[in-house]
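Chemist: Dumping the structure here so I can ask a few things about it.
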Ligand code: EPU
């Protein structure tokens, strides 16, 4: 365990923001993490860096969680329970499952990041959320260095939310996540329009897990920028909820506004649509901008600072508020 000094974090965050870590340590095992916590509790935890916007150098010791390993906990002929250590790459784990014919997370193909952070924001795409398969999240309590675990219910999962973003924020370090996956009788989620279109283009009538994964990969590649080519952090904002009265008022002047019913009184509106129809899609502001194919994604054209991107986000929030009276909530973690 070596502490390095003045390390650039540009390659450790998918936005590609150039800030430095004053001190940086790579953590490869739970034992290393427990040992480190004996000496130092004020850590800045870095995982895949795919859901954060860094706006300044990091003063705290940056701990890069790289604990690897996948193990099978239980299995019978229908179900397998797999425990995956926090430092495993999410998409590689999805492909590992698809190759083994373990079903449940194929719709979550190509999401950047590592397994340890997937429960924090309850990653979701194309009709599936990771909460649908998680059985257990194991974590170290920073104060006591004890390993504890959270059941699915205890994680209090919600849309892009969990207990790890709220009550227990900064108290635990996730070390592994367990998933319950199907070996037979897979439940396919193909109702998301673009998946059906993609499958029918390939004339696939009875898809397998790989067909779904391939379809999702193709859809994501067509809309979402590859962080290796254009820095970004996926959806920058959450899709907002509004009440029926508000929606009906908006519909009078915007008859094509899309919506998804959430409850009797609430509707979810795609923020990407709101941003596009406010005339912002594809617009560039200095070193950053709004992606030309998906208006919910902010992009770094190369040399943007975190502050520039944050200022753009605030500008978008202001325009959306003035245009639709809707508050857009930032989904990405802002490190200020
Ligand atoms: N839309 C537009 N213009 C745009 C973008 C979207 O009009 O530029 C409208 C379209 O009507 C489209 C609808 O928004 O039908 C939904 O768009 P899309 O399917 O791209 O999904 P999204 O609501 O914009 C959410 C997630 C994504 C996830 C997709 C697919 C959030 C914040 N984002 O985006 O997650 O991949 O659904 O399930 O919920 C992420 O969190 O980083 C992320 C990429």
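The values are calculated or read from the model by the stated rules, or taken from the named source; none is laboratory data. Keep in mind that what you see is a predicted model, and the values were worked out from it rather than measured. As a convention, Cβ positions derive from the backbone with ideal geometry for all residues, glycine included, and neighbour counts pool all protein chains shown.
Chemist: Would you mind telling me which numbered condition in (1) touching a strand residue (DSSP E or B) at 6+ places or on another chain (Cβ under 8 Å); (2) closer than 18 Å to residue 240 by Cβ; (3) surrounded by 21 or more Cβ atoms within 10 Å (Cβ to Cβ) residue 295 fails?
Modeler: (1)
Chemist: Has region 176-189 got any residue that is surrounded by fewer than 20 Cβ atoms within 10 Å (Cβ to Cβ), within 30 Å of residue 282 (Cα to Cα) and more than 12 Å from the ligand (Cβ to nearest atom)?
Modeler: The answer is no, given that none of the residues of region 176-189 is surrounded by fewer than 20 Cβ atoms within 10 Å (Cβ to Cβ), within 30 Å of residue 282 (Cα to Cα) and more than 12 Å from the ligand (Cβ to nearest atom).
Chemist: What strands (runs of 3 or more DSSP E) lie completely within region 214-278 and have 2 or more residues being under 29 Å from residue 91 (Cα atoms)?
Modeler: 231-235
Chemist: Still on this structure, please answer the following. Return the only residue of 271, 304 being within 15 Å of the ligand (Cβ to nearest atom), in contact (Cβ under 8 Å) with a residue 40 or more places away in the chain and either in contact with a strand residue (DSSP E or B) (Cβ under 7 Å, 6 or more places away or on another chain) or over 25 Å from residue 111 (Cβ atoms) (or both).
Modeler: The conditions single out 271.
Chemist: Looking only at region 47-68, how many residues end up being in contact with a helix residue (DSSP H, G or I) (Cβ under 6 Å, 6 or more places away or on another chain) and either under 13 Å from residue 335 (Cα atoms) or loosely packed, with under 14 Cβ neighbours inside 10 Å (or both)?
Modeler: 4
Chemist: For region 69-87, enumerate the residues that are more than 20 Å from residue 233 (Cβ to Cβ) and buried (at least 21 other Cβ atoms within 10 Å of the Cβ).
Modeler: Hits for region 69-87 are 80, 82, 84, 85.
Chemist: Can you go through 282, 289 and tell me which one is crowded, with 19+ Cβ neighbours inside 10 Å and over 20 Å from residue 329 (Cβ atoms)?
Modeler: Of the residues listed, the single one that is crowded, with 19+ Cβ neighbours inside 10 Å and over 20 Å from residue 329 (Cβ atoms) is 289.
Chemist: With the structure loaded, tell me whether residue 56 is in contact (Cβ under 8 Å) with a residue 24 or more places away in the chain and in a loop (DSSP other than H, G, I, E, B) or whether it fails that test.
Modeler: Judged against the criteria, residue 56 is a match.
Chemist: Further question: Which of the numbered conditions does residue 168 fail, given that it passes all the others? Conditions: (1) within 16 Å of the ligand (Cβ to nearest atom); (2) at pLDDT below 95; (3) part of a loop (DSSP other than H, G, I, E, B).
Modeler: (1)
Chemist: Among the residues of region 91-141, which ones are assigned to a strand (DSSP E or B), under 24 Å from residue 191 (Cβ atoms) and more than 16 Å from the ligand (Cβ to nearest atom)?
Modeler: 103, 134
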